[in-house]
Amino acid sequence: MVRYDDPVEVRTGTGGQEGPAQFLWRGRLWKVKEVLERRSQELPRRELWRVAAGRGRLDQGGRPADVFELAHDLRVGRWQLLGAGSGVGE
């Protein structure tokens, strides 16, 4: 997993679903296929999400989803991408 500290725009789930549903990172839109892990952190107060995400139609050929680590700062509502790697098994 490659480490980053990049701001991202996140759309959360709708209809009672919480957590990231899709996010915009470096001009590319990623759709969350699965939440792999969710945990809370006290200092700084934030939620950490590990998700499998793909780029829509481009990933329908059996290509495994990429794995991303996202952080949501609960104090200010800001999201950051902390890490990215290829393949759900990574």
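The values are calculated or read from the model by the stated rules, or taken from the named source; none is laboratory data. Since the structure is predicted, the reported quantities are computational estimates derived from the model, not experimental observations. For neighbour counting, all protein chains shown are included, and Cβ atoms are generated from backbone atoms with ideal geometry for every residue, glycine included.
Of the residues in the range 8-17, at least one is loosely packed, with under 12 Cβ neighbours inside 10 Å, in a strand (DSSP E or B) and modelled with pLDDT of 95 or more.
Under 6 Å between Cβ atoms, at least 6 apart or on separate chains: pull out the pairs that start in the range 33-45 with a residue that is within 15 Å of Thr12 (Cβ to Cβ) and end on any residue that is aromatic (Phe, Trp, Tyr). Hits for this filter: Arg38/Trp49. Selection within the range 71-90: residues that are surrounded by 12 or more Cβ atoms within 10 Å (Cβ to Cβ) and touching a Lys or Arg at 6+ places or on another chain (Cβ under 8 Å). The member of this set that is modelled with the lowest pLDDT is Leu74.
The set of residues from the range 45-70 being part of a loop (DSSP other than H, G, I, E, B), at pLDDT below 85 and not aliphatic (A, V, I, L, M) comprises Gln60, Gly61, Gly62, Arg63, Pro64.
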